[in-house]
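K.L.:
Encoded as structure tokens, here's the structure I'll be asking about.
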Amino acid sequence: MKLLSFSIGVFFLIISTYSFAQNKQMLDGTWRFSLDEKNRGLEEKWFDRDLAKTIQLPGTTDEARYGTKTNGSDFGILTRAYKYYGPAWYQREITVPTDWKGKQIFLNLERVMWQSMLFVDGRQFAPQDALNSPHLYALGTLSPGKHRLTIRINNDMIYNIGDKGHAYTEYTQSIWNGIVGKIELIAKNPIHFFNPQVFTSIAPKAFQLKDTLQNNSGKKSSVTLTYSLQERKSGNKLFHGKRKFTLSSAKQYIDFTENVPDLVQLWDDINPNLYTLTLRLLDDKDRELEVKEMQIGFREISASKSKILVNKRPVFLRGNLDCVHFPLTGYPPMDVEEWERIFRIYKAYGLNHVRFHSWCPPEAAFVAADRIGLYLQPEVIWLDWWMAVDNPGREEMNTKGKPKGLGHNASADSFAQKEIATMLASYGNHASFTTMAIGNELGNSDFDVMESWLKPYKAKDSRRLYAVSSARKITALDQFIATHYIDKLGGTRGLRGATTDWDFEKVYSQSNIPVIAHEIGQWPVYPRWDEIKKYTGVLKARNLELFREQARKNNLESQNEAFVQASGALNQLMYKNEIESFLRTPSAAGIQLLSMQDYQGQGEALIGWLDAFYDSKGITTPEKFKMHHDTTVMLLRLPKFVWKTDEPFQAKVQVAHYGKADFQDQVYWKIYDETANVLSAGDFTNQTFQAGSSEIIGSFSSDFSKVKRATKLTVEVGLKDRPIKNRWEIWVYPPVNVHEKEVYITERFDATAEQVLHAGGKVLLDASDLGNVKTADMISFYPLYWSLTFFPGQGINTIGLLLRDKHPAFKEFPTDAHSNWQWQAIYKGAKGFYINNFPAIYRPIAQPIDDFHRNNKLASIFELKVGKGKLLVTGFNIQDKKNPVSQQLKASLEKYMVSDDFSPDYEPNLDSLRKMFVFVEPLKSVAPKAFKNSLLYVEAGKKSQATDRNVDWSPVMDLSEASKSTTYSVKAEGVWKDEVSSAWQGKQMEVTMHVPQGMIGTFYVFFHDWNNLGRQADIEFEGRPYTLGRHDKEGQWIKLHVMREDSNDGVLKLKVNTSKGPNIMISKIALKEEVD
């Protein structure tokens, strides 16, 4: 069978959103349909017979409930109610009007997953397979009357790009089969536009129009192109003109520039001024051949060393990731109204930027972003090392096709290049399309090859900034980078403890292109079980139903709302602290949040303050969030959050201003208590704040010596003449000297403690050093990262702390109902004890929130009756006399214990308490101070008995210590030890470490050439190449960054190949985990 194709470049022929109705025929409605489970349709010529079933289009097989009906829950993701993979056939009759006779007819399928194959009256057209842009078929001329149109759609994997990137995945949107968005026939005169591209400039204000006019008339023709510009909202016409062209061939390239009136307003995120450019193509008798209306914004995008510039103005990108979360349909909205609703939510929370992680949205999103004022960054693919290999024990991470990276994968190369071309051709005119990258974290790809793909676009189309990859590596082509780490410079994101007096300027200022912090946040919030009812569409939250059942089993369901609020409060505390760090960094270009809405895949990463439906969880408000996330933000550099009354309070004020113009105002500050009583206040002199700046304007101090009780205070900094302010909470503690004689304080649940209880006494048990893995868990002030099941080796299982803040135990210890920065001061080594077998109604005074994948009932401060006695247990260290928080908590608990309020009524079995509060002697570290608490520290061959000769390696020869079940092995030619040092040695070496899955940190390796033989080497760590130069005599430590993606399979590998010298010597290694 002959495939019909046309040489007009179908991939680049984009039909305008605003074509006129008389030249269109919408094909929405009922189509005939059939699944093709056995893939026989082509062989049996289903295009020549009527299909038996029906389906509604636009739509999908999931929505029509075709395919296999599912039961149970998929692991780590939402579950499709109906699944189908493979070909499906869609069919209907079309009627070509008589006035379409002789016209060129096109079929536009706006979004298809994945390959479409078209038959018209049995004639087959060349298949199309774009994922991120329309499938547009040129049908040529069709005779007036009825024709049979049949489309075969195959949603199986067409190119080997795997199934983890968001353009094709079950992680979020689902792998649906169908056609969504516009389905339409379009008729064009023989002479028509191809794909007009508009380039705007701002000095002078002008537009440039480029296109290739199509002349299928078969003769030389003269045409007139008229153009007019009018305001989109008012309709006021500002400009018009015309040009004449002679079409002497089938294709006529046109390129001209027109200046426009200076009253045309520029487009940006603050003032998204839009204009309608109307293009009319007329024949030599002024008869209309075609009309196009295009929504354009006049703007220019460029970059300085550290900032993205919009109309030459520095902007700070306040971005969010969109990973295709639309659980009702399983695919993105195709209408402008829904995207406008979503983007208005963005703007309400101070955002001005969206990165579409490894996918590109439909045209409706660009139209909405143009109108609302958002900067968009679409992408096309996600490929990384872990997708190309098996992941034993982590089968959910195994990727279909095991795709190699770009440049090593001809199938994916073809896909990516076509998707880049169609994405730019389809959406390039939109003002909101301001940045792009080929994809996310393309770690196993050939960056030279990818760079060569983008070079032609960068050279000919400056309407946006280009980057090869979001994260992993910076190339010479890149005009900006979104990344979490820059090689040789360091990390670009992360937290640095209970302080706000820090930034990333040391790293960012050394970059030569703008750096955007990549995927910041990722702090989980406990799910609200009522959300399950909202999944009424194609995707079901059966996974959440299972977690709810576990919560019920452990008597936690009744605390659901309290868990949401407490974990949500910590989530917002983390976001505020992290976001402000980038605003304090003058050279930072922006941030990309992951994310304001939940991510429903990758082990249920419920990290948003909005759910997957963009509905608020009630843990913050737009007004509160915008205090630290807006065009202008007041910042406070606090050395700490916890203060003693006998030390002077000091802080520095910084103002980040990324508005359109400089402004003058006066900054005020004030400190007040929970009754709004102002303790101190002051002003700075009136000054000018420059647009695009983040500067420290001064400092102030305060005296807390008159504070007599432990107090939470609020520090507020704002502008006098503008409604701009920001707030931080601090805690002030006076000296305490409380020891209630009737309270026995101990760190062991031993015979003495039992004797006191047996005699009816009161015992305050500091249990921070007690318990084992069966009875207790280490708890963390900082919530676990992303997802417990996707990154299981973090060593953190909690996502917050629920506190009975009105409980008399806290009468002298000010606290909220959730953990706040004062708690961070006593979290080191803190414990939560498992109380799953306690009565359902039992409520601890301080209750760590176990991650919802585990749903254990935990207790860190709780009271018990033990015989005649009363026991109060704290998993927080209250013995640190230098820590005012520790001492204040101890004093508050003691005062509570001597009051009439202390009357516990639950009495567990005494033997169970002995088991719960067992003491385990900790091991002593042999590592040097710099590597204390490392996951792994090894001195190679240190314990070898053989000297001055090579011996085979055995782990007993090494001096080593490890934690969290970390192990290592070495492939080398042997171990050498002499009077100078010892080392593993060989021409080639390989060090393999089995580590906690998902850990992040730094791997240190000490290479030692102590006999000066000019040793050098090529190094590969987790697939990334490095070069080791000479390191004579004193040796050299090298530092290698460990990403979560490196360790997610639980294995890290270092490979060393000698490039110069007899061999390479490794004397020491250390693996340090990054812990906030």
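The values are calculated or read from the model by the stated rules, or taken from the named source; none is laboratory data. As the structure is a computational prediction, the values presented were derived from the model and not from experiment. All Cβ positions, glycine included, derive from the backbone under ideal geometry; neighbour counts span all protein chains shown.
K.L.:
Taking the criterion of being in a loop (DSSP other than H, G, I, E, B), within 19 Å of Val1056 (Cβ to Cβ) and modelled with pLDDT under 95, would at least one residue in segment 1017-1028 satisfy it? Full working, then the answer.
P.N.:
Of all residues in segment 1017-1028, those in a loop (DSSP other than H, G, I, E, B) come to 1022-1023.
Adding the requirement that they be within 19 Å of Val1056 (Cβ to Cβ) leaves 1022-1023.
So of that shortlist, the ones also modelled with pLDDT under 95 come out as 1022-1023.
Yes; the residues of segment 1017-1028 include at least one that is in a loop (DSSP other than H, G, I, E, B), within 19 Å of Val1056 (Cβ to Cβ) and modelled with pLDDT under 95.
K.L.:
State which residue pairs qualify: first residue in contact (Cβ under 8 Å) with a residue 40 or more places away in the chain and exposed (fewer than 11 other Cβ atoms within 10 Å of the Cβ) and inside segment 240-259, second residue aliphatic (A, V, I, L, M) and not in a strand (DSSP E or B) in any location, beta carbons under 6 Å apart, and separation of 6 or more residues or different chains.
P.N.:
none
K.L.:
So is Ser462 touching a residue at least 60 places away in the same chain (Cβ under 8 Å), within 29 Å of Gln197 (Cα to Cα) and outside any strand (DSSP E or B) or not? It would help to see each step written out before you state the result.
P.N.:
Working: touching a residue at least 60 places away in the same chain (Cβ under 8 Å): yes; within 29 Å of Gln197 (Cα to Cα): yes; outside any strand (DSSP E or B): yes.
So Ser462 fits the description; yes.
K.L.:
Those residues that are out of contact with any Lys or Arg (no Cβ under 9 Å at 6 or more places or on another chain) and within 19 Å of Trp643 (Cβ to Cβ), I need them from segment 728-763; list them, please.
P.N.:
Result: Asn737, single match.
K.L.:
Is it the case that some residue within segment 208-225 is in the same structural domain as Asp48 (by TED's automatic domain parsing) and among the small types (Gly, Ala, Ser)? Break it down into steps so the answer makes sense when it comes.
P.N.:
As a first pass, look at segment 208-225 and keep what is in the same structural domain as Asp48 (by TED's automatic domain parsing): none.
Checking segment 208-225: not a single residue is in the same structural domain as Asp48 (by TED's automatic domain parsing) and among the small types (Gly, Ala, Ser).
K.L.:
Considering only segment 893-1007, give the strands (runs of 3 or more DSSP E) lying wholly within it that have at least 3 residues that are under 36 Å from the mean Cα position of the chain (by Cα) and either at pLDDT 95 or above or over 26 Å from Gln794 (Cα atoms) (or both).
P.N.:
Numbers: elements: 936-939, 959-962, 967-971, 974-977, 982-986, 988-994, 1001-1007.
Qualifying strands (runs of 3 or more DSSP E): 936-939, 967-971, 988-994, 1001-1007.
K.L.:
Ok, one more. Filter segment 533-570 down to the residues that are over 19 Å from Ile849 (Cβ atoms) and free of Cβ contacts under 8 Å to residues at least 60 places away in the same chain and list them by number. Quick ask: steps written out before the conclusion?
P.N.:
Taking segment 533-570 as the starting set, the residues that turn out to be over 19 Å from Ile849 (Cβ atoms) are 533-542, 545.
Selection gives Lys533 alone.
K.L.:
Just to check your reading of the model, which residue among Glu894, Glu973, Glu961 is among the acidic types (Asp, Glu) and surrounded by 21 or more Cβ atoms within 10 Å (Cβ to Cβ)? Walk me through it before giving the result.
P.N.:
Working: Glu973 fails: surrounded by 21 or more Cβ atoms within 10 Å (Cβ to Cβ); Glu961 fails: surrounded by 21 or more Cβ atoms within 10 Å (Cβ to Cβ).
Among Glu894, Glu973, Glu961, only Glu894 is among the acidic types (Asp, Glu) and surrounded by 21 or more Cβ atoms within 10 Å (Cβ to Cβ).
K.L.:
Which numbered condition in (1) under 29 Å from Arg1044 (Cα atoms); (2) out of contact with any strand residue (DSSP E or B) (no Cβ under 9 Å at 6 or more places or on another chain); (3) surrounded by 21 or more Cβ atoms within 10 Å (Cβ to Cβ); (4) hydrophobic (A, V, I, L, M, F, W, C) is the only one that Val389 fails?
P.N.:
That leaves (3) as the condition not met.
K.L.:
For residues that are of a type in the set (Val, Ile, Thr) and closer than 16 Å to Leu935 by Cβ, scanning just segment 1020-1057, find the one that is farthest from the chain's Cα centre (by Cα).
P.N.:
Of everything passing the filter in segment 1020-1057, Val1051 is farthest from the chain's Cα centre (by Cα).
K.L.:
Having 3 or more residues that are among the hydrophobic types (A, V, I, L, M, F, W, C) is the bar; report the strands (runs of 3 or more DSSP E) wholly within segment 257-308 that clear it. Give the steps one after another, and end with the answer.
P.N.:
Numbers: elements: 275-282, 288-296, 301-303.
By residue number, 275-282, 288-296.
K.L.:
Would it be correct to say that Thr150 is buried (at least 20 other Cβ atoms within 10 Å of the Cβ), not assigned by TED's automatic domain parsing to the domain that holds Gly29 and not aromatic (Phe, Trp, Tyr)? Write out each step before concluding.
P.N.:
Details: buried (at least 20 other Cβ atoms within 10 Å of the Cβ): yes; not assigned by TED's automatic domain parsing to the domain that holds Gly29: no; not aromatic (Phe, Trp, Tyr): yes.
Taking the combined requirement at face value, the residue does not satisfy it.
K.L.:
Turning to a different aspect of this structure: Does segment 924-941 hold any residues that are over 11 Å from Ala1070 (Cβ atoms) and touching a residue at least 24 places away in the same chain (Cβ under 8 Å), and which are they? Full working, then the answer.
P.N.:
Step one: filter segment 924-941 for residues over 11 Å from Ala1070 (Cβ atoms), giving 924-926, 929, 940-941.
Of everything in segment 924-941, those that are over 11 Å from Ala1070 (Cβ atoms) and touching a residue at least 24 places away in the same chain (Cβ under 8 Å) turn out to be Ser925, Val926, Ala940, Gly941.
K.L.:
Would it be correct to say that Glu1020 is over 30 Å from Thr789 (Cβ atoms), of a type in the set (Asp, Glu) and outside the structural domain of Gly795 (by TED's automatic domain parsing)? Steps first, please.
P.N.:
Numbers: over 30 Å from Thr789 (Cβ atoms): no; of a type in the set (Asp, Glu): yes; outside the structural domain of Gly795 (by TED's automatic domain parsing): yes.
In short, no.
K.L.:
Restricting to strands (runs of 3 or more DSSP E) lying wholly in segment 59-145: which have 3 or more residues that are within 30 Å of the chain's Cα centre (by Cα)? Don't jump to the end; show me each part of the working.
P.N.:
Numbers: elements: 87-96, 104-113, 115-120, 123-125, 135-140.
Once the strands (runs of 3 or more DSSP E) in segment 59-145 are filtered for at least 3 residues that are within 30 Å of the chain's Cα centre (by Cα), what remains is 104-113.
K.L.:
Being touching a residue at least 12 places away in the same chain (Cβ under 8 Å), out of contact with any Phe, Trp or Tyr (no Cβ under 7 Å at 6 or more places or on another chain), surrounded by 19 or more Cβ atoms within 10 Å (Cβ to Cβ) and under 21 Å from Ala817 (Cβ atoms) is the requirement here; does Leu573 meet it? Steps first, answer last, please.
P.N.:
Details: touching a residue at least 12 places away in the same chain (Cβ under 8 Å): yes; out of contact with any Phe, Trp or Tyr (no Cβ under 7 Å at 6 or more places or on another chain): yes; surrounded by 19 or more Cβ atoms within 10 Å (Cβ to Cβ): yes; under 21 Å from Ala817 (Cβ atoms): yes.
Yes: the conditions hold for Leu573.
K.L.:
Please return the ranges of strands (runs of 3 or more DSSP E) entirely within segment 694-793 where 2 or more residues are farther than 30 Å from Arg584 by Cβ and either of a type in the set (Gly, Ala, Ser) or at pLDDT 95 or above (or both). Even if it seems obvious, please write down each step before you answer.
P.N.:
Values: elements: 711-719, 725-733, 743-746, 762-766, 776-778.
Strands (runs of 3 or more DSSP E) meeting the threshold: 743-746, 762-766, 776-778.
K.L.:
Has segment 583-594 got at least one residue that is farther than 30 Å from Asp163 by Cβ and either assigned to a helix (DSSP H, G or I) or of a type in the set (D, E, K, R) (or both)?
P.N.:
Taking every residue of segment 583-594 in turn, at least one turns out to be farther than 30 Å from Asp163 by Cβ and either assigned to a helix (DSSP H, G or I) or of a type in the set (D, E, K, R) (or both).
K.L.:
Same structure again: Against the conditions (1) within 15 Å of Leu317 (Cβ to Cβ); (2) modelled with pLDDT under 95, where does Val515 fall short? Just the number, please.
P.N.:
Answer for Val515: the failing condition is (2).
K.L.:
So, in segment 288-310, of the ones that are in contact (Cβ under 8 Å) with a residue 60 or more places away in the chain and aliphatic (A, V, I, L, M), which residue ends up farthest from Gly428 (Cα to Cα)?
P.N.:
The residue in question is Leu289.
K.L.:
Is it the case that Ala710 is touching a residue at least 12 places away in the same chain (Cβ under 8 Å), assigned by TED's automatic domain parsing to the domain that holds Tyr672, more than 27 Å from Gln666 (Cβ to Cβ) and among the small types (Gly, Ala, Ser)?
P.N.:
Details: touching a residue at least 12 places away in the same chain (Cβ under 8 Å): yes; assigned by TED's automatic domain parsing to the domain that holds Tyr672: yes; more than 27 Å from Gln666 (Cβ to Cβ): yes; among the small types (Gly, Ala, Ser): yes.
So Ala710 fits the description; yes.
K.L.:
Here is a follow-up. State all residues of segment 643-656 that are farther than 25 Å from Ile607 by Cβ and either buried (at least 19 other Cβ atoms within 10 Å of the Cβ) or touching a Leu at 6+ places or on another chain (Cβ under 8 Å) (or both); if no residue qualifies, say none.
P.N.:
Initial filter on segment 643-656 (farther than 25 Å from Ile607 by Cβ): 643-655.
Within segment 643-656, Trp643, Thr645, Phe649, Ala651, Lys652, Val653, Gln654, Val655 meet the criteria.
K.L.:
Could you list, ordered by first residue, the pairs with Cβ atoms under 6 Å in which the first is in segment 1052-1076 and under 20 Å from Glu1022 (Cα atoms) and among the basic types (Lys, Arg) and the second is surrounded by fewer than 18 Cβ atoms within 10 Å (Cβ to Cβ) and at pLDDT below 95, at least 6 apart or interchain?
P.N.:
From segment 1052-1076, the pairs are Lys1055/Glu1020; Lys1072/Thr1002.
K.L.:
Could I ask something else about it? Lys285: over 37 Å from the mean Cα position of the chain (by Cα), farther than 23 Å from Arg584 by Cα and free of Cβ contacts under 8 Å to residues at least 12 places away in the same chain, yes or no? Write out each step before concluding.
P.N.:
Values: over 37 Å from the mean Cα position of the chain (by Cα): yes; farther than 23 Å from Arg584 by Cα: yes; free of Cβ contacts under 8 Å to residues at least 12 places away in the same chain: yes.
When the stated conditions are applied, Lys285 passes them.
K.L.:
Look through segment 730-753, keep the residues that are closer than 28 Å to Glu921 by Cβ and aliphatic (A, V, I, L, M), and return whichever of them is surrounded by the fewest Cβ atoms within 10 Å (Cβ to Cβ).
P.N.:
Per the criteria, the residue is Ala751.
K.L.:
Moving to a separate point now. If a residue has to be basic (Lys, Arg) and surrounded by 22 or more Cβ atoms within 10 Å (Cβ to Cβ) to count, how many in segment 789-829 make the cut? Give the steps one after another, and end with the answer.
P.N.:
Step one: of segment 789-829, the residues basic (Lys, Arg) are 804, 806, 811, 828.
Adding the requirement that they be surrounded by 22 or more Cβ atoms within 10 Å (Cβ to Cβ) leaves none.
Result for segment 789-829: 0.
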